Amino acid sequence: MKILVVNCGSSSVKYQFIDMNGEKVLCKGLAERIGIEGGRLVHRVNNDKHVIERNMKDHEEALKLVLDVLVDPEIGVIKDLSEIDAVGHRVVHGAERFASSVLIDEEVMKALEENVHLAPLHNPPNILGIKAIQKLLPKVPNVGVFDTAFHQSMPKKAYLYALPYELYEKYRIRRYGFHGTSHRYVSKRAAEILGRDYYDFKVITCHLGNGASIAAVRHGKSIDTSMGFTPLEGLVMGTRCGDIDPAIVIYLQQNLGMSVEKVYDLLNKKSGMLGLTNNLSSDMRDIEDAAQSGNEIAQLALDIYVYRIAKYIGAYAAAMNGVDAIVFTAGVGENSPYVREKVCEYLGFLGVKIDKQLNDVKGVERIISTPDSKVAVLIVPTNEELVIARDTKYIVENKVKELKLF
Ligand code: ADP
């Protein structure tokens, strides 16, 4: 079975085409600058990179180009589109309606449309992507895999904010959590690597990419996570502020006269590591380099970044009454020995000990704690596309409407 995995952003489409026989990635790529000048598609087959400069007016045109490239006689990987057996879509927000991966039908599409108010930036491009594939490949089944679904197992005490209860009842204002597909994959993988029973295992997963979140996964279920109603809450991120006093928002509007849009922009795009470093960079590599050359503000930003992660790990160890393993994943988690080491320095009280030599590695799946560490520490490169492809395969092969995650 060959599965196309599609991840539609506001102006981009990421894709992977996977042969599930051996789970081999046949090709992958990114169409970017959709709807604006300078559109291009970067298509990769093994180690070959092909760049196609082409303006794409919308997601349908972008996906049409992706499909054309898949069957291209020179750079394609299949002869005919009929070789695509199913399409798996990453969908950001499934709200309370979706605690599983699902076969997309009319009723699911309706529910997705109804959720748009919860994720006004993310869900519309996801919906456009699904509609485009339905049009371009009318016979092919589509499956939706949600970023929020894995966290639907959180108990009420973890997902409710201390706001008037009717805001939850009427408007569903609550913690949803994101990056669920990644937390699910790396938490399970950690249990496998350690030879532990996933359903009798307490693990804290740190997904540290541009966006960053952390989750407490007990016995195969997410019981808490740092992102909330939106992906803005929690850790310090590339450009997002993470946890702040909500009164700051009111202060910015009342005392500095900032509009709603300006505040939104400030908190989401101008804060985090970018804001803390006075616009030096949102990229951890630049910030680590600057700190190493003595840039004090970069060092301070790193200290704040690491401190916030350590605080969450402490909190989640308490939430689970113990922790067996801590996992680092995504761009920073997989590639920054510095961040991993500094986070673990805070965790001596839990009996965490890492081996500096084992930690001195990038993008490799391995245990980095010492044999006498009370808590195992691991690097597990995430693979959200593979999870989406596996869920899609399960649903299509077994002819079921959904795959329950917990
Ligand atoms: P996203 O998918 O959220 O856009 P990624 O998971 O790709 O993000 O992570 C991007 C982040 O990973 C960037 O901040 C980048 O600096 C960081 N990163 C990548 N490689 C390294 C590295 N070698 N050292 C430190 N950080 C790295």
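Accessible area per residue, 1.4 Å probe, Å², for segment 106-172: what's the number? Could the numbers behind the result be given before it?
Working: 3550 Å² over 67 residues.
Per-residue value: 53 Å².
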* To do: Using only Cα atoms, locate the centre of segment 203-269 and the centre of segment 14-64, then give the distance between them in Å, rounded to an integer.
  => 30 Å
* Asked: Per residue, how much accessible area does segment 206-281 show when a 1.4 Å probe rolls over the protein heavy atoms, in square angstrom?
  -> 45 Å²
* Structure fact -> Applied in sequence order to segment 106-120, the curve 6.51 cos²θ - 1.76 cosθ + 1.60 (Karplus, θ = phi - 60°) yields integer Hz couplings, x standing for Gly and Pro, of 4, 5, 5, 4, 5, 5, 5, 4, 5, 8, 4, 4, 7, 9, x
* Each residue of segment 150-165 in order: what ³J(HN,Hα) in whole Hz does its phi give by Karplus 6.51 cos²θ - 1.76 cosθ + 1.60, θ = phi - 60°, with x for Gly and Pro? -> 4, 7, 5, 7, 4, x, 4, 5, 8, 9, 8, 8, 7, 10, x, 4
* Structure fact -> Quick calc: nm separation of the 7 Å Cα→Cβ label points for residue 75 and residue 318 -> 5.3 nm
* **Value of relative contact order over the chain, rounded to a whole percent, pairs C-alpha under 8 Å and six or more apart** => 15 percent
* To do: Determine the relative contact order of segment 332-406: mean sequence separation of Cα pairs under 8 Å and six or more apart, normalised by residue count, in whole percent.
  => 23 percent
* Using a 10 Å cut-off on Cβ atoms, rank the peptides 209-217, 172-180, 143-151, 43-51 from the highest mean neighbour count down. => 143-151, 209-217, 172-180, 43-51
* Structure fact -> For the chain, the longest principal axis of the Cα atoms and the Cα long axis of helix 384-397 enclose an angle in degrees, to the nearest 10, of 50 degrees
* Highest-MSF residue in the chain out of 120, 164, 371 [GNM, Cα springs under 10 Å] -> 164
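Give, in whole angstrom and from largest to smallest, the semi-axes √(5λ) of the equivalent ellipsoid of the chain, with λ running over the eigenvalues of the Cα gyration tensor.
Details: eigenvalues 215, 129, 112 Å².
Square roots of five times the eigenvalues give 33, 25, 24 Å.
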* Structure fact -> The simple spin-label model distance between residue 397 and residue 49, using points 7 Å out along Cα→Cβ, in nm, is 3.4 nm
* **Difference of contour (0.36 nm per residue) and Cα-Cα distance, residue 349 to residue 198** => 51.9 nm
* **Rough spin-label spacing in nm, given labels placed 7 Å along Cα→Cβ, for residue 270 and residue 248** => 1.3 nm
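Roughly how many Å² is the accessible area per residue of segment 328-385, as a whole number, for a 1.4 Å probe?
Details: 2680 Å² over 58 residues.
So segment 328-385 comes to 46 Å² accessible per residue, rounded to a whole number.
Leaving out ligands, DNA and RNA, what percent of the accessible area of the chain is carbon and sulfur, probe 1.4 Å? Display every interim value, and only then the final one.
Details: 9540 of 18980 Å².
Taking all protein chains in place, the chain shows 50 percent carbon and sulfur surface.
The values are calculated or read from the model by the stated rules, or taken from the named source; none is laboratory data. Computed from a prediction, not measured in an experiment: that's the story for all the values here. Neighbour counts are summed over all protein chains in view; Cβ atoms, including those assigned to glycine, are modelled from backbone coordinates with ideal geometry. We work out accessible area using only protein heavy atoms, side chains counted, and drop any ligands, DNA or RNA first. Shrake-Rupley method; radii C 1.70, N 1.55, O 1.52, S 1.80 Å.
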